[in-house]
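Each reported figure results from applying straightforward, stated rules to the coordinates on display, with no laboratory input. All values derive from a computational prediction rather than experimental measurement. Heads up, the Cβs are rebuilt from the backbone with ideal geometry, glycines too, and the neighbour counts pull from every protein chain shown.
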Amino acid sequence: MDDIRALSAQLAQDPQSLVFLRLGEALRRKGQLEAALRVAMNGLERHPHLADAHDLYARILTDKHDYERGFDEWDMAVRIAPHHTGALKGLAFLYFKVGDIEQAEAHLAAAKRVEPDDPSIEQAIAMMRKGASPPEPSAAAADSSTAASPTAASSTAQAPQGSGLDEARVFAGLEGANEGLLLIDGAGRVLGGALKDRAGTDVTDTVAAYLAGVSQEAARTAKLLGLGAWTGLSAEGQQGNVHLAHPTSGALLLVVRERGMPLGRLAILAQRATLMARRWLEQQ
Amino acid sequence: MSQALDMITRVRGVRGAMLVSAEDGIVVAEQLMEGIKGPAVAALAASLAGRLRRAMDAAGTGAAAFWHLQAEQGALLVVPGAGILVVAVAEPDVNIGLVRLELLRAVEAGL
């Protein structure tokens, strides 16, 4: 607690200093997550391009089980500093949580290339291969001497599952209701609909996990450009087209169709699906 | 590069165009109207492109050849090339088809 007082005093004396990184981490370790969050956010406002600040924010969000935003922040940290091992380990942890072992291993391997002598990375890779969750990153790269990492909240975390609502009814009557329409919440959990790839394999959970955070990122991009609220995202793929919409602020709708369906028509179909999803969500 | 950006920004309603490194979201070249935060938009566009690519790969639609973020007061249009994203920021009433063509041309011409 003395540390926290001393660090708070230092920060009060010099609000522009980077001491907020140590204060935020100290508060996080004490479990004072709301206070840690405020410190991290204030620091980020002053240092928006500092990778360590995004890393700290991500660790606090992850402690609060806000994995979607945690992913965004670690993703941003790596974009600012591609060799940021804290962020690489954080992304590995979150990829593992959604069941994407390949991406988790790739991120740990990238961290190992940066810090080949860090035994914790090798240990995390070994744990992951045994099926256990790698440790949740807890120390900023700038402060690697701090205490040992706490273990993840759940060592058997699996990909997000459906919510148990009557999901088959969301898009009842709409073409492709069970293979090309998907409704998820902000954390990438399936609310309704289903997706199958061209081979007929169910890819619902995987796609849902990857889409977690897209809504927030689209909103941030539109806001940054002064474009107001985002209303949709259309994409032409080599074998199919997709349209994303958000029926409510917390939900995301994905419509997938063959390449032959023009984006304009896809947007109309998405509008109909959005209305159905909104009504269905209101009834829940 | 600047010629490719010229062609895109000549389309009426386009407020700016950028070439962005798909890998790290860094601006490679830009022609933007004042007030557009190029580096921040580039980072977010690259991040969004990465998420979209992973989701579309998983959905079996293949990589995105063009994507378009629609918002109340404008749009962000993106064509991914080899390691590069060609990005346009546009007004809401822009001719999307025309911008899409110019973005695709820029990529086909190898910038």
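Partners of A:Lys223 within straight-line reach, counting lysines whose Cα lies under 20 Å from its Cα and excluding those fewer than 8 residues away in the same chain: B:Lys37. 3J(HN,Hα) couplings calculated from phi for the stretch A:274-284 with the Karplus curve 6.51 cos²θ - 1.76 cosθ + 1.60 (θ = phi - 60°) are, in sequence order, 4, 4, 5, 5, 4, 4, 5, 5, 5, 6, 6 Hz; Gly and Pro show x. Per-residue ellipticity at 222 nm computed for chain B from its helices equals -12500 deg cm²/dmol, with DSSP H segments shorter than 4 residues left out and the rest contributing -39,500 (n - 2.57).
In terms of its C-alpha gyration tensor, the stretch B:1-45 comes out oblate, because a/c is 1.5 or above while a/b does not outweigh b/c.
Taking the fewest neighbouring Cβ atoms within 10 Å as the starting point, the ordered list for A:Lys89, A:Lys97, A:Lys64 is A:Lys64, A:Lys97, A:Lys89. Less than 5 angstrom separates the built amide H of A:Val203 from those of A:Leu195, A:Lys196, A:Asp197, all sequence-distant by 5 or more or on a different chain.
Ordering B:Thr9, A:Thr248, B:Thr61 by the number of other Cβ atoms within 10 Å of each residue's own Cβ, fewest first, gives A:Thr248, B:Thr9, B:Thr61. Remark: mean inter-chain Cβ contacts per residue of A:201-214 equal 4, using a 10 Å Cβ-Cβ cutoff to other protein chain atoms. Residue by residue along B:69-80, Cβ atoms of other protein chains within 10 Å of the local Cβ number 6 on average. Its relative contact order, with pairs defined as Cα atoms under 8 Å and 6+ residues apart, puts the stretch B:25-80 at 21 percent. Taken one residue at a time, the phi angles of the stretch B:56-72 give Karplus couplings (6.51, -1.76, 1.60, θ = phi - 60°) of 5, 4, 5, 7, x, 8, x, 5, 6, 9, 6, 9, 8, 8, 9, 9, 4 Hz. Gly and Pro are set to x. In plain terms, if you count all Cα to Cα distances in the stretch A:1-47 and split them into 10 Å steps from zero, the share in each step is 32, 60, 8 percent. Need one word for chain B: rounded, prolate or oblate. Basis is the Cα gyration tensor (sqrt eigenvalues a ≥ b ≥ c); a/c below 1.5 gives rounded, then a/b vs b/c decides. It is rounded, given that a/c, with a ≥ b ≥ c, falls under 1.5. Quick one: helix B:96-108 against the long Cα principal axis of chain B, what's the angle to the nearest 10°, folded into 0 to 90? The helix B:96-108 is inclined about 70 degrees to chain B. Look at the Cα gyration tensor of the stretch A:167-283: its axes a ≥ b ≥ c give a/c under 1.5, and that counts as rounded.
Fewest neighbouring Cβ atoms within 10 Å first, the residues A:Trp74, A:Trp280 line up as A:Trp280, A:Trp74. The mean number of Cβ atoms from other chains found within 10 Å of a Cβ in peptide B:21-27 is 2, as a whole number. State which entries of A:Lys30/A:Lys112; A:Lys30/A:Lys89; A:Lys112/A:Lys196; A:Lys30/A:Lys97 exceed 27 angstrom in Cα-Cα distance in the structure shown. Over 27 Å apart, Cα to Cα: A:Lys30/A:Lys112; A:Lys112/A:Lys196. Residues in the stretch A:113-125 carry Karplus couplings, in order, of 5, 7, 10, x, 8, 7, x, 5, 6, 4, 4, 5, 4 Hz; the curve used is 6.51 cos²θ - 1.76 cosθ + 1.60 with θ = phi - 60°, and Gly or Pro positions show x.
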